[in-house]
Amino acid sequence: MVKKLEINPKAKALIFDLDGTLADTMPVHFWAYKNILVDYGIEFTPELFGTLAGVPAVGTIQKLNEQFGTQMDPEKIGHFKEAEYEKIMHKMKPVEPVVELVKKYHGKLPMAVGTGGYKRLAWKSLEILGLENYFEILVSSEDVTHPKPHPETFLKCAELLGVEPEFCQVFEDGDLGIQAANAAGMMSTLVTDFYNVTIGKEI
């Protein structure tokens with residue numbers, strides 16, 4: 001039985017991660033990495049991907065270099081991966097319980113998106129989901145110096161929303177995002193308890 005997603009009565013603003021939270025993009029990211037990394041002799045498994053949840057592309061390549069002793073150029077391969085992702089991103093699906101929440105509270109509570117992804121692709125994801133008109137504020141990896149688990153992404157969202165961090169409720173699918181929300185002094189909700197993530201299956 002899947003539980004129902006709830007808003008904390010104290011919440012005055014809602015902040016949503018994007019990949020894996022609003023959009024079930026994890027299967028798409030998984031295949032983008034898998035398709036790229038095969039050329040470097042890395043078998044990219046769902047388990048390996050799970051250890052990298054919430055890490056931006058450049059950071060992921062750096063971690064893979066450390067783990068596998070490869071010499072991939074993080075910037076270059078990170079961009080290759082994003083280009084591969086963009087080719088197949090139309091296959092993403094909405095995370096229904098989270099999207100329902102957005103539609104329910106739109107116009108009632110201020111909302112923002114705080115993502116570790118690139119801004120252009122983040123807006124494109126929202127368009128694919130039909131959510132581009134539900135958010136005016138989107139903080140991406142280009143807008144911060146320190147990615148999650150540092151709280152900067154969510155603190156910037158709160159600042160732009162004009163709401164104190166303690167009254168913001170963050171919805172996240174990754175441990176790093178939950179750590180970032182907690183470090184920001186916000187309420188945090190892990191959405192993976194509310195839907196089934198399928199990584200590794202054909203999309």
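The values are calculated or read from the model by the stated rules, or taken from the named source; none is laboratory data. Being a predicted model, the structure only gives us computed values, none of them experimental. All Cβ positions, glycine included, derive from the backbone under ideal geometry; neighbour counts span all protein chains shown. Surface accessibility is based on the protein's heavy atoms, side chains included, excluding ligands, DNA and RNA. Shrake-Rupley method; radii C 1.70, N 1.55, O 1.52, S 1.80 Å.
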Report whether or not residue 44 is at pLDDT 95 or above, among the aromatic types (Phe, Trp, Tyr), open to solvent by less than 60 Å² (accessible area, probe 1.4 Å) and closer than 18 Å to residue 172 by Cα.
no
If I filter the stretch 84-106 down to residues being open to solvent by less than 80 Å² (accessible area, probe 1.4 Å) and in a loop (DSSP other than H, G, I, E, B), which single residue comes out as farthest from residue 161 (Cα to Cα)?
92
When the stretch 88-121 is examined, which residues are found to be at pLDDT below 95 and among the small types (Gly, Ala, Ser)?
116, 117
Name the pairs: first residue in the stretch 160-176 and open to solvent by 40 Å² or more (accessible area, probe 1.4 Å), second residue assigned to a strand (DSSP E or B), Cβ to Cβ under 6 Å, at least 6 apart or on different chains?
160/137
Got a number for residues in the stretch 123-166 being at pLDDT 95 or above, within 29 Å of residue 91 (Cβ to Cβ) and part of a helix (DSSP H, G or I)?
11
Which pairs do you get when a residue that is among the polar types (S, T, N, Q), found in the stretch 131-147, comes within reach of a residue that is outside any loop (DSSP other than H, G, I, E, B) and surrounded by fewer than 19 Cβ atoms within 10 Å (Cβ to Cβ), reach meaning Cβ atoms under 6 angstrom, with the pair 6+ apart or on two chains?
140/119
For the stretch 58-76: of the residues being closer than 20 Å to residue 122 by Cβ and in contact (Cβ under 8 Å) with a residue 24 or more places away in the chain, which is most open to solvent (accessible area, probe 1.4 Å)?
59
Quick one: in the stretch 177-187, of everything that is within 14 Å of the chain's Cα centre (by Cα) and of a type outside the set (A, V, I, L, M, F, W, C), which residue is most open to solvent (accessible area, probe 1.4 Å)?
179
Residue in the stretch 10-18 that is part of a helix (DSSP H, G or I) and surrounded by 16 or more Cβ atoms within 10 Å (Cβ to Cβ) present
no
